[in-house]
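The values are calculated or read from the model by the stated rules, or taken from the named source; none is laboratory data. Predicted model only: the values in this text are computed from it and were never measured. Every residue, glycine as well, gets a Cβ built from its backbone with ideal geometry; the counts of neighbours run over all protein chains shown.
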Amino acid sequence: MSLQIKAAVIGAGYMGSAITFPLSDNHIEVNLWGTWLDDELIESSIKGFHPKLKKALPGNVCLYYWQDLCTALEDVNVIFIAVTSEGFVNIFGKILDNIDKDKDYTFFKLTKGFVQYGGKIVRATEAAFDIYAEKFPGKELKIASVGGPVRAVDLSCRIASASMYGLSDRKIKDTARSFCTDYYRIFTENDIMGVELCSSFKNIYAMAAGICDGIYRGQKEGFYYNTVAFLFNQACLEIAEIVQAAGGNSRTAFDLAGIGDLHVTSAAGRNRRFGEMVGKGMDGQIAFNEMYAQGEYGEGYIALKLATAWINSKIPGIDEKTPLLLTLNNIIFNKCEPSAEFSKLISRLGG
């Protein structure tokens, strides 16, 4: 490996911990830091068992509690950020407070979803550029948005996975590709906006497959695949419309970060599970709280809440092209009956 890398991974949940496997297999020293919400994960991992991944972390991963952020960032030049969207702005600011302003760092954002920053709803990398410019004026932020389709547990089992990295600068490409292994394949795209939006909206649209499970599983088990495929296709088209309207490349929505990530999240992700709970009639906030109490974070619920405000400010007038998005909003936030809303949607599509 031509680049001498030492990495810090910020956030010890599913994806933050899973990414330590390919990094370690590339003989990269890794410091894994947990937030104040991750104390139990760090404590258990120190004892040899990560409770979310159900296995020990690689032996060359050094573990740090939240009080030790400064130590965790010592001597690193690559920083992966794997905290929730709600915590991103706060944690990114803390990272910048604890790194050397004279050193060069490359950031890889595993966080999915929109963030609240400066009184607005923005993409996480938009906030990162502003925060970085304020902290280090005149210095370039090198950052990539990491998209899927990567299920953390599969990656930690070293099962073949592919990931799309949206780059802010072509110079990051060699660094990103140095994380490749025989089971973790990396593709790069110079469309950080497109990759980031796909990562946000796939969590939202994956809830549709879960809602179908909630409505039909049990009474029509095995006989609603047509409906799931119909809605999956509509989701892909709508993500592409959103990406293009925002200024990204619509092609990204039909690549790994879009259609690929939507597939795995719809099939096996936490957002599918959240959707199933709603499809069975549970209130969205109650479903989110119940999952959260079990250590599961329903990103799609938060992303949908923020996406509505983001769309209204950034790409108003797109509603006619995103009927499934409106349907999900009606079901989850306007408390409309799921089956009736899907029936209305389906009657609008095609002709």
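Matching residues to (1) surrounded by 23 or more Cβ atoms within 10 Å (Cβ to Cβ); (2) assigned by TED's automatic domain parsing to the domain that holds Ser145; (3) at pLDDT 95 or above:
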site	(1), (2), (3)
Met1	no, no, no
Gly16	yes, yes, yes
Thr20	yes, yes, yes
Ser24	no, yes, yes
Glu43	no, yes, yes
Lys47	no, yes, yes
Asp68	no, yes, yes
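Given (1) at pLDDT 95 or above; (2) over 20 Å from the mean Cα position of the chain (by Cα); (3) assigned to a helix (DSSP H, G or I), where does Cys336 come up short, assuming only one miss?
Condition not satisfied by Cys336: (3).
Only one residue in Val83, Val122, Val115 is closer than 29 Å to His27 by Cβ and not hydroxyl-bearing (Ser, Thr, Tyr), so which one is that? Even if it seems obvious, please write down each step before you answer.
Details: Val122 fails: closer than 29 Å to His27 by Cβ; Val115 fails: closer than 29 Å to His27 by Cβ.
After ruling out the rest, the residue left standing is Val83.
Regarding Val153, is this residue among the β-branched types (Val, Ile, Thr) and surrounded by fewer than 24 Cβ atoms within 10 Å (Cβ to Cβ)? Write out each step before concluding.
Numbers: among the β-branched types (Val, Ile, Thr): yes; surrounded by fewer than 24 Cβ atoms within 10 Å (Cβ to Cβ): yes.
Spelling it out, Val153 is indeed among the β-branched types (Val, Ile, Thr) and surrounded by fewer than 24 Cβ atoms within 10 Å (Cβ to Cβ).
Checking Phe288 against (1) among the aromatic types (Phe, Trp, Tyr); (2) touching a helix residue (DSSP H, G or I) at 6+ places or on another chain (Cβ under 6 Å); (3) not in a helix (DSSP H, G or I), only one condition comes out false. Which one?
(3)
Please go through segment 95-124 and pick out each residue that is farther than 11 Å from Ser200 by Cβ and of a type in the set (S, T, N, Q).
Asn98, Thr106, Gln116
(1) assigned to a loop (DSSP other than H, G, I, E, B); (2) over 26 Å from Glu196 (Cα atoms); (3) in contact with a Ser or Thr (Cβ under 8 Å, 6 or more places away or on another chain); (4) not β-branched (Val, Ile, Thr): which one isn't true of Leu63, the others all being true?
Of everything listed in (1) assigned to a loop (DSSP other than H, G, I, E, B); (2) over 26 Å from Glu196 (Cα atoms); (3) in contact with a Ser or Thr (Cβ under 8 Å, 6 or more places away or on another chain); (4) not β-branched (Val, Ile, Thr), Leu63 misses just condition (1).
Given the conditions (1) modelled with pLDDT of 95 or more; (2) outside any helix (DSSP H, G or I); (3) of a type in the set (Ser, Thr, Tyr), which single one is not true for Tyr297?
Among (1) modelled with pLDDT of 95 or more; (2) outside any helix (DSSP H, G or I); (3) of a type in the set (Ser, Thr, Tyr), the lone unmet condition for Tyr297 is (1).
For segment 197-247, which residues satisfy the criterion of being among the aliphatic types (A, V, I, L, M) and either within 17 Å of Pro149 (Cα to Cα) or assigned by TED's automatic domain parsing to the domain that holds Ser85 (or both)?
Once the filter is applied, which keeps residues that are among the aliphatic types (A, V, I, L, M) and either within 17 Å of Pro149 (Cα to Cα) or assigned by TED's automatic domain parsing to the domain that holds Ser85 (or both), segment 197-247 yields Leu197, Ile204, Ala206, Met207, Ala209, Ala235, Ile239, Ala240.
Specify the residue that is farthest from Gly113 (Cα to Cα); the eligible residues are those in segment 300-322 that are over 23 Å from the mean Cα position of the chain (by Cα) and part of a helix (DSSP H, G or I).
Of segment 300-322, the ones over 23 Å from the mean Cα position of the chain (by Cα) are 316-321.
Still in the list and also part of a helix (DSSP H, G or I): 319-321.
On the way: Asp319: 20, Glu320: 23, Lys321: 21 Å.
Once the filter is applied, the top-ranked residue is Glu320.
Is it true that some residue in segment 259-267 is farther than 24 Å from Val146 by Cα and either hydrophobic (A, V, I, L, M, F, W, C) or outside the structural domain of Ser313 (by TED's automatic domain parsing) (or both)?
First, pick out the residues of segment 259-267 that are farther than 24 Å from Val146 by Cα: none.
No; the residues of segment 259-267 include none that is farther than 24 Å from Val146 by Cα and either hydrophobic (A, V, I, L, M, F, W, C) or outside the structural domain of Ser313 (by TED's automatic domain parsing) (or both).
So which of Asn98, Asn90 ends up being surrounded by fewer than 17 Cβ atoms within 10 Å (Cβ to Cβ), in contact with a helix residue (DSSP H, G or I) (Cβ under 7 Å, 6 or more places away or on another chain) and not assigned by TED's automatic domain parsing to the domain that holds Leu306? Outline the logic, then answer.
On the way: Asn90 fails: in contact with a helix residue (DSSP H, G or I) (Cβ under 7 Å, 6 or more places away or on another chain).
Exactly one residue qualifies, and that residue is Asn98.
Select from segment 117-149 the residues that are surrounded by fewer than 22 Cβ atoms within 10 Å (Cβ to Cβ), closer than 30 Å to Ala268 by Cα and in contact (Cβ under 8 Å) with a residue 60 or more places away in the chain and list them in ascending order.
Ile121, Val122 - these are the residues of segment 117-149 that are surrounded by fewer than 22 Cβ atoms within 10 Å (Cβ to Cβ), closer than 30 Å to Ala268 by Cα and in contact (Cβ under 8 Å) with a residue 60 or more places away in the chain.
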